[in-house]
1. Given axes a ≥ b ≥ c from the Cα gyration tensor, I'd like to know whether segment 313-699 is rounded (a/c under 1.5), prolate (a/b larger than b/c) or oblate.
2. Test of understanding: ordering Glu229, Glu328 by Cβ neighbours within 10 Å, fewest first, what list do you get?
3. About the Cα centre of segment 313-699, what is the dipole size in debye to 20, counting +1 per Lys and Arg Cβ and -1 per Asp and Glu Cβ, all else neutral?
4. Taking 0.36 nm per intervening residue step and subtracting the Cα-Cα distance, what contour gain separates Asn615 from Lys705 on full extension?
5. In angstroms, what radius of gyration and Dmax does segment 568-711 have, counting Cα atoms only?
6. Compute the orientation-averaged projected area for segment 425-579 from the convex hull of its Cα atoms and round it to one decimal in nm².
7. Can you pull out the trypsin sites (Lys or Arg not before Pro) in segment 439-512 that DSSP calls coil and that have at most 13 other Cβ atoms within 10 Å?
8. What's the local net charge at Thr651, with K and R +1, D and E -1, over the other residues with C-beta under 11 Å away?
Amino acid sequence: MSYQRARNLTMGEFTTRPTLHEEENASSSTSQDIPVDPFDVSPISESPFELRSNYSQTPSPQDQYGRPFVVNGDYSDNSFNYVNSSSSSSSMANVFNNPPRSGSARAGLNAKYSQNPIRNENLSINQPPAYDRYPVIKDSENNSITSSRSQSQLPQGAPLADQLNHKLQSSSYSSGGSNGDTKYPVSYKFTEFSPFGGFPASSFPLSIEEKEPDDDLHNPNPVKDAEYEKNRFWYDLKQGDRRSYFGVFGFLFLIAAAVAVFVILPVLTYSGVTDNKVVPETYEILTHYSYPMLSAIRTSLVDPDTPEDALTLESKSGDKWQLVFSDEFNAEGRTFYEGDDQFFTAPDLHYDATKDLEWYDPDAVTTSNGTLALRMDAFKNHDLFYRSGMVQSWNKMCFTQGRIEISARLPDYGYVSGLWPGLWTMGNLGRPGYLATTDGVWPYSYDSCDAGITPNQSSPDGISYLPGQRLNKCTCSGESHPNPGVGRGAPEIDLIEAEIMVDSKNIKPNNGVASQSLQLAPMDIWYMPDYDFIEIYNYSVTTMNTYTGGPFQQAFSATTTLNRTWYEKGNAYEHNFQVYGYEYLNDDDDGYLRWYVGRDPTLTVYPTALHPSGNIGWRKLSKEPMSIIMNLGVSNNWAYIDWGEISFPATFRIDYVRIYQPSDAINTGCDPEDYPTYDYIQQHLNIYENVNLTSFEDGGYKLPKNTLTGC
């Protein structure tokens with residue numbers, strides 16, 4: 001069996017062609033002897049090769065798909081013959097290893113080569129044709145090796161083809177042969193000449209016009225490559241993926257870190273900026289015991305110990321008001337020195353406004369048995385013979401409108417006169433016990449610009465000894481005022497001021513009463529309110545107070561008889577707590593102020609009861625944020641003191657404080673937007689912190705001018 005093989009010297013590749021005898025033998029071979037081409041998608045035929053008769057005589061580039069590069073359809077000069085034998089491999093080696101050396105042989109070959117010129121005039125012998133990467137098996141029957149000249153366009157040209165031809169023709173192989181000496185058809189004997197191995201090159205039918213994805217890798221474009229290299233950074237930046245960006249940013253981070261560590265840090269260290277120049281404080285450790293801190297801090301205004309049935313309350317109109325603040329005093333051992341508690345403070349002072357006989361000391365206030373205890377002792381201190389306690393929420397916890405309830409048990413016996421327990425509220429612009437803060441502020445609740453703001457109400461009859469409303473409506477521009485144009489003050493509303501009603505004729509037994517009052521200024525003529533707009537609900541226990549006021553305040557007040565069991569030493573078996581409170585809305589038309597003992601209303605005052613009188617205008621139900629005060633005092637200005645019967649120590653206990661407000665009018669701050677106090681207090685801290693000052697001017701401040709007296 002013989003094969004004809006040709007080497008395309010121009011391309012450096014091989015082209016294998018079967019002879020006619022081989023084609024006949026191949027067609028008669030069985031299908032099982034023919035390997036299957038995995039790249040061939042055409043229908044299986046008897047012969048895997050194309051017949052030469054199928055080739056066009058004048059093939060176009062499209063007709064040459066998968067075939068060797070040819071010029072003008074000349075196929076006959078592109079191959080040379082080999083003879084199949086058992087030593088075919090060694091024979092091929094001889095072809096390349098022993099080229100003809102004689103000049104005559106070369107001349108003969110060159111002469112023959114010159115007789116078969118390349119027909120394409122566009123091709124030059126000095127310029128090789130387009131590169132054909134994929135040679136295929138051709139169906140030439142007998143081709144002369146000299147025909148390879150038409151494609152021998154390598155630099156060595158025809159001489160190399162002549163050498164190959166000489167070696168092949170001088171070999172001992174014959175052109176005939178049978179394919180019976182091998183189990184493979186002759187058409188597949190030398191498939192190793194395929195550049196890819198295994199199957200013949202015809203299995204890769206690619207033309208020069210076809211492009212593969214990797215062509216750019218082995219066919220570089222110098223122009224594009226130069227442009228790419230010139231702008232390589234920007235191309236890489238535009239075509240980079242997330243991983244590339246992470247790499248870039250990581251690299252930049254490393255650079256920044258290196259600059260910080262090796263440049264910035266040494267500079268800062270050398271300059272001394274990083275040196276710690278703070279001298280540590282030295283102190284002596286008295287004990288290694290670790291005291292708990294902030295254990296009483298609450299995160300809600302409503303005490304978690306408040307029972308669920310107390311979370312809402314029905315108002316005068318029948319609406320449900322919600323609990324907005326409560327303190328059940330269940331934590332044992334609370335103290336109320338300045339800064340100790342979130343909501344209350346126990347002041348350390350003498351309450352000179354009412355000429356009290358006791359000194360208020362924080363040490364007399366604590367919590368025990370689930371109650372707040374204010375204890376009065378016959379204990380000499382600060383040149384006074386008695387010590388007691390007061391607790392106030394000034395500038396910590398205030399409320400505007402709503403209902404306040406305080407459950408308390410009054411001190412001592414319910415028939416011994418002398419002690420003065422009080423539960424009351426006052427506007428936050430006045431601090432209880434600090435006389436300079438209440439000077440010209442307490443108990444004003446007035447928003448007019450007339451004689452009511454002047455000293456003594458401009459009346460020579462002595463109806464008022466007040467210095468005039470300091471923070472009035474007509475304060476001149478630029479003068480000190482919390483919110484100019486609005487009359488401000490510190491009115492007082494008392495939940496209870498307890499006293500003992502004594503029958504001077506000793507006909508009736510002594511009995512405790514609760515005085516519930518609205519203290520305000522300026523005052524009506526003769527301190528007499530309009531009783532047409534006041535309600536009393538049970539005349540058997542509640543009556544209007546015979547004391548209606550004096551030159552320092554007017555009092556809308558009623559007294560209600562109390563049960564002796566509501567006292568600390570009531571009787572042998574009962575020592576009960578009772579609830580005292582008031583409810584108010586400050587609307588000028590629909591507002592009201594109602595007091596309670598237990599759940600029973602005692603007295604209601606409507607805004608119309610505060611109408612103009614004499615040379616003054618309307619007084620207002622308080623619109624100020626109200627702070628809470630709880631105290632136990634003793635004073636000759638309050639009641640007759642039965643020293644022989646008073647039992648010391650006496651303790652005034654408070655079970656809880658609760659505040660309810662409408663859901664659409666919740667305000668538990670001391671600095672509301674429409675009636676602010678914080679900035680004014682900060683601007684006048686001297687009078688709010690120095691208890692020894694008794695007037696506003698003593699604090700170093702000037703009284704603000706007003707348009708009524710002249711700016």
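1. Here segment 313-699 falls in the rounded category.
2. Glu229, Glu328
3. 660 debye
4. Gain in length upon complete extension: 30.3 nm.
5. In Å, with Rg to one decimal and Dmax whole: 20.8, 66.
6. With the hull built on Cα positions only, its mean projection is 12.3 nm².
7. Counting only loop positions with at most 13 other Cβ atoms within 10 Å, the trypsin sites (Lys or Arg not before Pro) in segment 439-512 are Lys505.
8. +1
Values quoted throughout were computed directly from the atomic coordinates according to the rules given, and no laboratory measurement underlies them. Quick caveat, the model's predicted, so the values are computed rather than measured. Every residue, glycine as well, gets a Cβ built from its backbone with ideal geometry; the counts of neighbours run over all protein chains shown.
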